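The values are calculated or read from the model by the stated rules, or taken from the named source; none is laboratory data. Here the structure is a predicted model, which is why all the values come from computation and not from measurement. We place every Cβ from the backbone using ideal geometry, glycine too, and count neighbours over all the protein chains shown.
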Amino acid sequence: MDKQQAISLLEEIRANISKRIIGKDKVIDEVLICLICGGHALIEDVPGLGKTTLISALAKSTSCSFQRIQFTPDVLPSDITGFNMFQMQTSEKIFHPGAVMNQILLADEINRTGPKTQSALLQAMQENQVTVDNETHDLPAPFLVFATQNPIEMTGTFPLPEAQLDRFLLRISVGYPGKEDEVNILESNQNKFTEIEISSVCSAEDVVEIQKVVDEVRSVREIKEYIVSIAEATRRHSDIALGLSPRGSIALLRASMGRALLSGRSFVIPDDVQQMAASVIAHRIILEASAVILEVSPQKIIKDILEKLPVPGID
């Protein structure tokens with residue numbers, strides 16, 4: 001697959017998802033960037049904004065196997081990774097795959113389960129494989145985790161540790177729709193028997209090919225230096241206790257390359273870095289206690305950093 005075919009296919013997927021998700025082009029683009037880069041996303045927002053519908057539409061559009069698992073305190077690690085069962089008749093162990101043996105996994109309300117179950121996803125998200133009873137099982141390609149959590153209700157929840165947050169390429173906020181968009185949503189959902197159905201526009205193999213195409217997107221040294229400057233600024237900032245790690249810098253570069261391809265370009269420009277910075281960095285930094293007390297948001301800090309740093313000129 002060449003670059004032009006990949007761009008055309010991404011446009012078709014975007015248009016297909018837009019039939020179900022109205023007025024959220026930026027959110028759809030961020031989900032597609034995760035698809036392009038093979039990265040995972042944490043979707044934070046209140047219930048009822050279409051998070052499950054969005055990921056389900058992505059799975060249908062790409063013909064990827066899809067499973068949603070509702071995280072609760074009684075969900076076990078084996079529900080995620082799978083388990084071996086001994087067969088008396090054959091004296092053999094039979095592996096029963098868990099939820100991760102799907103190409104797209106929706107981990108709904110991931111912060112409502114315990115740390116042990118949360119950590120069952122760590123190896124899968126980082127290495128695309130799981131180990132059960134000292135046996136390693138490869139995950140299907142592509143493999144994407146979209147986790148959701150409600151930022152309002154914190155009772156009975158288990159905050160995700162920094163190590164796990166770092167595995168998410170992007171943190172996405174859906175937000176409420178505009179008035180006109182919400183009216184259109186009501187019209188499209190007026191009759192449940194005429195709900196808009198979307199069909200597949202590509203195969204899972206096509207998604208893997210798109211992920212190969214993004215590696216060909218060019219990023220000159222000035223762009224890489226710009227990303228490192230942003231990372232260093234987070235490490236020196238007075239309101240930040242823990243700045244961006246090198247893994248975070250790599251994530252920002254990959255996300256910028258994905259945005260460039262989605263925009264129909266074969267090269268990264270500073271605007272790609274600026275547009276992806278908040279979604280990549282905000283969940284990876286830890287604020288000082290004084291900043292938390294003053295309710296300074298990570299997004300505000302990142303915006304201030306971008307405004308102060310010189311933007312490189314790209315030829």
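Against the definition (of a type outside the set (S, T, N, Q) and over 18 Å from the mean Cα position of the chain (by Cα)), how does A291 come out, yes or no?
yes
Is it the case, given these coordinates, that T148 is polar (S, T, N, Q) and either within 13 Å of E44 (Cα to Cα) or crowded, with 16+ Cβ neighbours inside 10 Å (or both)?
yes
Please enumerate the residues belonging to the range 244-264 that are in contact (Cβ under 8 Å) with a residue 12 or more places away in the chain, assigned to a loop (DSSP other than H, G, I, E, B) and either in contact with an Asp or Glu (Cβ under 8 Å, 6 or more places away or on another chain) or closer than 15 Å to K212 by Cα (or both).
If the condition is that a residue be in contact (Cβ under 8 Å) with a residue 12 or more places away in the chain, assigned to a loop (DSSP other than H, G, I, E, B) and either in contact with an Asp or Glu (Cβ under 8 Å, 6 or more places away or on another chain) or closer than 15 Å to K212 by Cα (or both), then S245 is the only one that fits.
Any residue that is surrounded by 14 or more Cβ atoms within 10 Å (Cβ to Cβ), closer than 16 Å to L170 by Cα and not hydrophobic (A, V, I, L, M, F, W, C) - is there at least one of those in the range 263-272?
So far as the range 263-272 goes, yes, one or more of its residues are surrounded by 14 or more Cβ atoms within 10 Å (Cβ to Cβ), closer than 16 Å to L170 by Cα and not hydrophobic (A, V, I, L, M, F, W, C).
Residues that are modelled with pLDDT under 90 and on the phi > 0 side of the Ramachandran plot: does the range 79-96 have at least one?
Yes, because at least one residue in the range 79-96 is modelled with pLDDT under 90 and on the phi > 0 side of the Ramachandran plot.
For the range 232-243, indicate whether the set of residues that are buried (at least 19 other Cβ atoms within 10 Å of the Cβ), closer than 21 Å to V220 by Cα and of a type outside the set (D, E) is non-empty.
Yes, the range 232-243 contains a residue that is buried (at least 19 other Cβ atoms within 10 Å of the Cβ), closer than 21 Å to V220 by Cα and of a type outside the set (D, E).
Only one of E11, E92 is within 20 Å of the chain's Cα centre (by Cα) and of a type in the set (D, E); which?
Only one candidate passes the filter, namely E11.
I'd like the full set of residues that are without any contact (Cβ under 8 Å) to a residue 40 or more places away in the chain and either surrounded by 14 or more Cβ atoms within 10 Å (Cβ to Cβ) or part of a strand (DSSP E or B) (or both), limited to the range 273-296.
Q274, Q275, A278
Looking at T155, is it among the β-branched types (V, I, T) and touching a residue at least 24 places away in the same chain (Cβ under 8 Å)?
Here the answer is no, as T155 does not meet what is asked.
Considering only residues of the range 249-301 that are basic (K, R) and modelled with pLDDT of 95 or more, which is farthest from D166 (Cα to Cα)?
The qualifying residue farthest from D166 (Cα to Cα) is R259.
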